[in-house]
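A short worksheet on the structure shown next.
The values are calculated or read from the model by the stated rules, or taken from the named source; none is laboratory data. As the structure is a computational prediction, the values presented were derived from the model and not from experiment. Note that each Cβ is placed from the backbone with ideal geometry, even for glycine, and that neighbours are counted across all protein chains shown.
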C-alpha cells in the first residue's frame, strides 16, 4: 500500500526547508509519496522546493496563478497514485508524526476515512480563542446538517481511501475543501473514524493565511453542499456502488 500526501505551499520560505526535512525523512507503515503544489508563491518557496534533495518519491507542481488551497488539493488528488490520500499543510501547526497512527485503521480496513481532531482530548492541545470558537461553531453547524458527529470538521488532517476521494468532484477554492468534502462523504455509506492529534497554532505574523472571510464562506459551503448540491452532480460513475446507500440511485 501507499499513501499520497498532498502538500499545498504558498509563500512558506521561512520554514520550508526545515518542514521538508521533517516530512521527507518521516517513515510510515506503508510507502509514501509527496505531492507538493506551489500555489504560485512570490517568495523563494519554489526555488527551495526544486533544490531540496528529496529521498522520498515526490511530485512538484506549480500553479500558473494563485488559485487557493482547494484548487491545489484538487490538482494533488488528480496526480495521486496512493491507496490512501491525505492533506498536509506546509507548516508546523500539525505534527506529521501523528499521521502513521491515523492511517492505521484504513490500512487494517477498519475505516474508509479518518479525521484527526484537535479537540478530542490529547496531551498537546493549544488553541487561540477566536479560531477555536469559530471552528467549533462551524463543526456544530456541519454536524446538524450532515448528520455526522465530528468534533473537528475543519481539521487539516483528513485521510481517505483514494477510491473514494478520487471519485468525488470538488469545486471549492481556498479553504472550502473542509466543509465541502465533509458534506459529500456524509451522503455515502462509509466508515468514518476520528482520533486526537496534537496542534500548535501559528499567528498571522508567522504566516497563517485563513481569515474571517473564509469563515463566512464556510457557512455558505456547509449550507450549499449539505442541503442544495445533489450527489448525482458530484459523484463520478466510477465510484464503487458499495459506497452508495442501498436506497439511493445517484449514479
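Quick notes on this one:
- Residue check for residue 148: buried (at least 16 other Cβ atoms within 10 Å of the Cβ), part of a loop (DSSP other than H, G, I, E, B), within 14 Å of the chain's Cα centre (by Cα) and at pLDDT 95 or above: no
- Selection status of residue 6, closer than 24 Å to residue 160 by Cβ and surrounded by fewer than 16 Cβ atoms within 10 Å (Cβ to Cβ): no
- Residue within the range 42-64 that is closer than 17 Å to residue 181 by Cβ and crowded, with 17+ Cβ neighbours inside 10 Å present: no
- Residue within the range 7-15 that is within 17 Å of the chain's Cα centre (by Cα), more than 25 Å from residue 194 (Cα to Cα) and assigned to a strand (DSSP E or B) present: yes
- Those residues of the range 18-50 which are closer than 27 Å to residue 98 by Cα, in contact with a strand residue (DSSP E or B) (Cβ under 7 Å, 6 or more places away or on another chain) and in a loop (DSSP other than H, G, I, E, B), in sequence order: 28, 30, 39
- Taken together, the criteria place residue 53 among residues that are without any contact (Cβ under 8 Å) to a residue 12 or more places away in the chain and either assigned to a loop (DSSP other than H, G, I, E, B) or under 12 Å from residue 11 (Cα atoms) (or both).
- Meets criteria (modelled with pLDDT of 95 or more, under 24 Å from residue 74 (Cβ atoms) and surrounded by fewer than 20 Cβ atoms within 10 Å (Cβ to Cβ)) for residue 170: yes
- Cβ separations smaller than 7 Å between residues 6+ apart or across chains give the following pairs from the range 93-111 residues that are touching a residue at least 12 places away in the same chain (Cβ under 8 Å) to residues that are part of a helix (DSSP H, G or I): 96/22; 96/23; 111/105.
- Residue 221 vs. criteria out of contact with any helix residue (DSSP H, G or I) (no Cβ under 8 Å at 6 or more places or on another chain) and either at pLDDT below 95 or over 30 Å from residue 104 (Cβ atoms) (or both): no
- Output for the range 105-145, where each listed residue is modelled with pLDDT under 95, in a loop (DSSP other than H, G, I, E, B) and within 15 Å of residue 195 (Cα to Cα): 118, 119, 120, 121, 122, 123, 124
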